[in-house]
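For reference, the structure is listed below as structure tokens.
The values are calculated or read from the model by the stated rules, or taken from the named source; none is laboratory data. Note that the structure is predicted; figures quoted are calculated from it, not measured. Counting neighbours? That spans all protein chains shown, and the Cβs are built from the backbone with ideal geometry, glycine included.
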Amino acid sequence: MSGTALSEGIERVEVDDISVPVFNPAKTVADCFKYRNKIGLDVALEALCEAWRARRVTMDELWHYATIDCVRPYLEARQPAGSINAAASREEHQHPASAK
């Protein structure tokens, strides 16, 4: 990883009074798909389903990081259970439960 793929999506978390940089959940899911051949597609799919189920990511966030990591086709083909179709989800840009 280098450039934007390495610098985007970093959050600071306090661990024992030390500020530690970590990638946010949406970036982590996109990275799982980027490295699916190393970690396994089942791990990437489980990460996507769990992040979606726990409402830790939105479709807009996933789309953003998938574009950076060049894995958009995989997210287009693998919409999370309970989400709307791919075209509509790109227009919606929110988790269905958070839309009002």
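So the values come out like this:
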| read-out | value |
| --- | --- |
| Qualifying position, being over 17 Å from Val71 (Cα atoms) and either hydroxyl-bearing (Ser, Thr, Tyr) or free of Cβ contacts under 8 Å to residues at least 40 places away in the same chain (or both), among Ile10, Ile39 | Ile10 |
| Single unsatisfied condition, Arg36 versus (1) under 12 Å from the mean Cα position of the chain (by Cα); (2) at pLDDT 65 or above | (1) |
| Qualifying residue in the stretch 19-28 (condition: out of contact with any Leu (no Cβ under 7 Å at 6 or more places or on another chain), exposed (fewer than 15 other Cβ atoms within 10 Å of the Cβ) and not in a strand (DSSP E or B)) | no |
| Residues of the stretch 33-70 satisfying the condition of being more than 18 Å from Gly3 (Cα to Cα), exposed (fewer than 13 other Cβ atoms within 10 Å of the Cβ) and of a type outside the set (Asp, Glu) | Asn37, Lys38, Gly40, Arg53, Ala54, Arg55 |
